[in-house]
Amino acid sequence: MEQDVKKTVPDHDETIIEVRDLRINIKVDEGTLTAVRGVNFEIKKGETLGLVGESGCGKSLTSKAILGINDKKCKASGEIIFDADGLGRVNLLELDPRGKEIRSVRGKQISMIFQEPMVAFSPMYTIGDQINEATRLHITKDKKKSKEISLDVMKKVGIANAEKRYNQYPHEFSGGMLQRALIAMALVCNPKLLIADEPTTALDVTIQAQILEIMKELQKDFGMSILFITHDLGVVAGMCDRVAVMYLGKVVETGTAADIYANPQHPYTQGLLGSVHKIGTKNQDKLFSIEGTVPVAMNLPAGCGFYERCGKRIEGVCNVSEPELVDTGCGHKIACFACTGCPNAKKEGKANE
Amino acid sequence: MLKYIGKRLLLLIPTILIISFVIFFVIQLPPGDYVTSYVASLSAQGEVFTEADIAYLREQYGLNDPWYVQYFNWMKGIITKGDFGYSFNYGRSVWSVIMDRLFLTMGVSFVILIFQYAVSLPIGIYCANHQYSAGDYIWSFIGFLGTATPNFLLAILVMFWVYKATGQVYLGLFSKEMLQNGMSWQYVPEFLGRCLIPLFVIGTSGTCGIIRTVRAQMLDEQTRQYTLTARAKGCSEATITYKYCLRSALNPVVSGLAGSLNTIFSGSTVSAIVMNLQIQGPVLLAALKSQDMYLAGTIVMTQAVLVVIGMLLSDIALAWLDPRIRFSERG
């Protein structure tokens with residue numbers, strides 16, 4: 001099919017998935033926690049979007065909401081529009097999370113790889129069995145054919161000796177190999193969108209580089225889009241076309257990766273980039289760190305979520321209403337009054353609602 | 001795998017020998033012996049014994065030897081002749097006394113075991129899949145109640161209710177007619193009916209325990225990353241429950257198999273007495289009370305052997321269930 005879509009020049013017209021005003025509430029003993037507070041983004045065909053933010057900012061919840069595999073305690077609202085084969089353009093949030101429709105999307109059209117490959121496979125079954133399960137669910141029931149397909153994709157992700165590895169159990173694999181196997185399992189049905197939830201966080205650095213290289217190559221081969229979730233800005237620079245920076249359940253800045261790196265606007269993004277260690281800098285100073293901690297997303301005060309920790313905060317503005325994403329040109333959007341100017345009266349009223 | 005089973009079987013021999021030694025030592029610990037209790041009970045009825053009579057009895061039963069010599073002779077008989085000794089109470093060989101009830105005991109134990117798992121597994125799975133639903137609460141309540149209620153109390157209550165409802169007294173597994181005329185096919189329905197109460201009573205506490213274990217294990221498994229992976233792959237909820245969660249959740253349940261075998265066998269003594277069941281437990285109690293030491297020793301040893309074999313079986317089942325165990329055995 002679209003085998004030769006180039007990663008660097010995404011097909012601008014075709015949007016694979018559109019997330020509109022996604023909100024996720026989690027019921028906890030103390031009340032309701034709003035972990036995701038109106039996230040918007042879209043991913044185009046063949047494009048990689050990096051979703052960046054620190055732990056607990058809602059990036060994993062957002063990605064799992066796409067597949068509808070969040071815990072029962074999480075209630076998602078908003079829209080996730082996906083152009084699914086056989087279903088047309090659907091709002092994934094409206095599908096029954098246990099129903100047939102969403103299951104025909106999961107693993108086949110949208111698949112996911114996880115942070116910790118060591119626990120992502122059941123220790124009870126062979127790797128081959130678990131990869132083949134996806135093949136049999138979505139491609140063919142024919143045992144011989146599905147095994148061939150599974151072996152083929154195992155070879156593609158660089159698992160040497162695939163025939164032998166097929167019959168081995170997860171505890172006989174190393175972490176890096178397991179991540180390859182997990183990628184194989186995710187790609188076996190040639191999905192339109194791959195969600196990679198911190199796929200390299202649990203791996204050591206040399207293996208990280210290998211895995212990322214494999215992902216990039218396979219993206220070229222399969223022509224899929226990737227939603228790449230990470231808190232590692234170094235990885236983002238090498239992997240992503242566009243970046244969305246999340247803070248406290250909201251996207252605070254989004255744009256092309258080049259833009260964000262060259263010209264970060266939001267104080268949070270600046271802080272994040274400032275806290276990355278750069279080899280070769282003569283700077284003897286301590287690594288920059290953002291002061292304070294992320295507030296708990298419950299009964300949040302009015303105003304910008306970053307207000308307490310922000311170096312550029314404007315009293316009487318930032319703590320009164322919450323900034324919306326504003327396009328500063330070329331698709332670089334920022335949600336910050338200090339960067340985009342003070343809100344007009346109309347906007348203030350809206351944000352206060 | 002075969003090599004492993006062979007190795008385990010060989011290990012059984014020293015284990016059982018040591019167990020038999022400890023059993024015998026403990027059983028002869030109380031002061032006095034069978035003759036003491038025999039003389040005491042007959043004296044109470046007015047019989048008069050002279051010192052010479054008592055010495056003669058002791059001599060006849062071989063009770064004058066020190067306990068380790070008695071143990072040695074007992075073991076020699078078992079190993080060389082398959083002779084488990086003589087039951088003073090019954091006046092015949094221990095083996096024949098045990099054989100009277102062995103099959104019934106094992107049959108009852110086995111049926112109860114099946115009953116426990118057949119009932120508790122589905123309920124445990126249901127409770128986990130519907131956590132905090134009304135059904136879960138009801139079963140949890142019954143589960144705690146069943147675990148906490150002593151079996152003999154439940155036995156009395158159930159028999160009372162059955163009597164109130166039907167006007168029939170169901171005591172024991174056999175009716176008078178059965179014992180008089182011998183077993184024949186016409187009695188089978190009644191026999192099965194009589195099995196229901198013991199099955200329910202003895203099975204309850206184990207069943208409730210397993211329900212709790214299965215529920216907790218299943219809930220634990222449902223939060224595992226691989227369950228999420230399976231769901232993200234597009235697996236149906238049934239596949240997730242049975243293929244991924246249940247198989248891992250069974251691990252501790254299977255480990256508990258050996259223990260529950262023993263609980264049914266020996267733990268049901270009091271209930272068996274209350275319900276007048278013709279199984280091993282009450283015989284053991286009587287033997288211990290009258291210091292009928294070879295009979296008591298043999299019954300306790302049979303139990304020990306059952307437990308050891310149960311453990312072996314559960315280990316084999318575990319190895320079959322869990323590849324990690326299978327592989328560590330190989331290495």
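The values are calculated or read from the model by the stated rules, or taken from the named source; none is laboratory data. Everything quoted here is computed from the prediction, not taken from an experiment. Cβ atoms come from the backbone with ideal geometry, glycine included; neighbour counts cover every protein chain shown. The accessibility values were calculated without ligands, DNA or RNA, using every heavy atom of the protein model including side chains. Shrake-Rupley method; radii C 1.70, N 1.55, O 1.52, S 1.80 Å.
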Original post:
In region A:159-182, which residues are touching a Leu at 6+ places or on another chain (Cβ under 7 Å), surrounded by 23 or more Cβ atoms within 10 Å (Cβ to Cβ) and not polar (S, T, N, Q)?
Top reply: A:Pro170
Subject >> The one condition in (1) surrounded by 19 or more Cβ atoms within 10 Å (Cβ to Cβ); (2) aliphatic (A, V, I, L, M); (3) more than 13 Å from chain A (Cβ to nearest Cβ) that B:Ala216 fails to fulfil >> reply: (1)
**OP:** Please work out if A:Glu116 is among the charged types (D, E, K, R), open to solvent by less than 50 Å² (accessible area, probe 1.4 Å) and either facing chain B (nearest Cβ under 9 Å) or within 28 Å of B:Leu321 (Cβ to Cβ) (or both).
**Re:** no
Subject >> Residue, most open to solvent (accessible area, probe 1.4 Å), within region B:3-38, restricted to residues that are in contact with a helix residue (DSSP H, G or I) (Cβ under 8 Å, 6 or more places away or on another chain) and not in a helix (DSSP H, G or I) >> reply: B:Gln28
**OP:** For region A:156-174, state whether one or more residues are of a type in the set (D, E, K, R), in contact with a Ser or Thr (Cβ under 8 Å, 6 or more places away or on another chain) and within 11 Å of chain B (Cβ to nearest Cβ).
**Re:** no
Original post:
surrounded by 12 or more Cβ atoms within 10 Å (Cβ to Cβ) and part of a helix (DSSP H, G or I) - does that describe any residue in region B:44-51?
Top reply: no
Original post:
Do we find that A:Ala84 is away from chain B (no Cβ under 11 Å), open to solvent by less than 10 Å² (accessible area, probe 1.4 Å), of a type outside the set (Asp, Glu) and under 20 Å from A:His138 (Cβ atoms) in this structure?
Top reply: yes
**OP:** For region B:100-133, name all the residues that are of a type in the set (Phe, Trp, Tyr) and assigned to a helix (DSSP H, G or I).
**Re:** B:Phe103, B:Phe110, B:Phe115, B:Tyr117, B:Tyr126
Subject >> Filter pass, A:Ser111 being facing chain B (nearest Cβ under 10 Å) and outside any loop (DSSP other than H, G, I, E, B) >> reply: yes
Original post:
In region B:220-331, which helices (runs of 4 or more DSSP H) lie fully inside it and hold 3 or more residues that are within 14 Å of chain A (Cβ to nearest Cβ)?
Top reply: B:225-233, B:247-255, B:293-321, B:323-330
Original post:
Just one of A:Gly311, A:Gly238, A:Gly329, A:Gly316 is within 30 Å of A:Pro191 (Cα to Cα) and small (Gly, Ala, Ser); which is it?
Top reply: A:Gly238
**OP:** Specify which of the listed residues (B:Ile299, B:Ile309) is surrounded by fewer than 19 Cβ atoms within 10 Å (Cβ to Cβ) and within 18 Å of B:Phe84 (Cβ to Cβ).
**Re:** B:Ile309
Original post:
Limited to region B:181-214, what total is found for residues that are out of contact with any Leu (no Cβ under 9 Å at 6 or more places or on another chain) and free of Cβ contacts under 8 Å to residues at least 40 places away in the same chain?
Top reply: 13
Original post:
When you go through (1) modelled with pLDDT of 85 or more; (2) farther than 30 Å from B:Ala249 by Cβ one by one for B:Phe88, which number turns out not to apply?
Top reply: (1)
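Residues checked against (1) open to solvent by 70 Å² or more (accessible area, probe 1.4 Å); (2) within 29 Å of B:Ile23 (Cβ to Cβ):
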| position | (1), (2) |
| --- | --- |
| B:Leu63 | no, yes |
| B:Thr105 | no, yes |
| B:Phe110 | yes, yes |
| B:Ala118 | no, no |
| B:Ile125 | no, no |
| B:Asp136 | no, no |
| B:Ala148 | yes, no |
| B:Val162 | no, no |
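Let's see how each residue does on (1) touching a residue at least 60 places away in the same chain (Cβ under 8 Å); (2) within 14 Å of chain B (Cβ to nearest Cβ); (3) β-branched (Val, Ile, Thr):
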{"residue": "A:Asn25", "(1), (2), (3)": "no, no, no"}
{"residue": "A:Leu33", "(1), (2), (3)": "yes, no, no"}
{"residue": "A:Phe41", "(1), (2), (3)": "yes, no, no"}
{"residue": "A:Glu47", "(1), (2), (3)": "yes, no, no"}
{"residue": "A:Gly50", "(1), (2), (3)": "yes, no, no"}
{"residue": "A:Lys59", "(1), (2), (3)": "yes, no, no"}
{"residue": "A:Gly68", "(1), (2), (3)": "no, yes, no"}
{"residue": "A:Gly88", "(1), (2), (3)": "no, no, no"}
{"residue": "A:Asp96", "(1), (2), (3)": "no, yes, no"}
Subject >> Residues being hydroxyl-bearing (Ser, Thr, Tyr), open to solvent by 10 Å² or more (accessible area, probe 1.4 Å) and either assigned to a strand (DSSP E or B) or modelled with pLDDT of 90 or more (or both) - total across region A:229-279 >> reply: 2
Original post:
Looking only at residues in region A:183-222 that are small (Gly, Ala, Ser) and open to solvent by 10 Å² or more (accessible area, probe 1.4 Å), which one is modelled with the highest pLDDT?
Top reply: A:Ala209
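For region A:119-143, which residues satisfy the criterion of being more than 20 Å from the chain's Cα centre (by Cα) and facing chain B (nearest Cβ under 9 Å)? Before the answer, list the steps.
Just the residues of region A:119-143 that are more than 20 Å from the chain's Cα centre (by Cα), to begin with: A:121-143.
Selection gives A:Phe121, A:Ser122, A:Pro123, A:Met124, A:Tyr125, A:Thr126, A:Gln130, A:Glu133, A:Ala134, A:Leu137, A:His138.
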Original post:
Taking interchain pairs and intrachain pairs at least six residues apart, which have beta carbon atoms under 7 angstrom, with the first residue in region A:252-269 and over 12 Å from A:Val52 (Cα atoms) and the second among the acidic types (Asp, Glu) and open to solvent by 10 Å² or more (accessible area, probe 1.4 Å)?
Top reply: A:Thr256/A:Asp241
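Within region B:177-192, track down each residue that is part of a helix (DSSP H, G or I) and open to solvent by 30 Å² or more (accessible area, probe 1.4 Å).
Initially, region B:177-192 is screened for residues part of a helix (DSSP H, G or I), giving B:177-181, B:185-192.
If the condition is that a residue be part of a helix (DSSP H, G or I) and open to solvent by 30 Å² or more (accessible area, probe 1.4 Å), then B:Glu177, B:Leu179, B:Gln180, B:Asn181, B:Trp185, B:Gln186, B:Val188, B:Pro189, B:Glu190, B:Phe191, B:Leu192 are the ones that fit.
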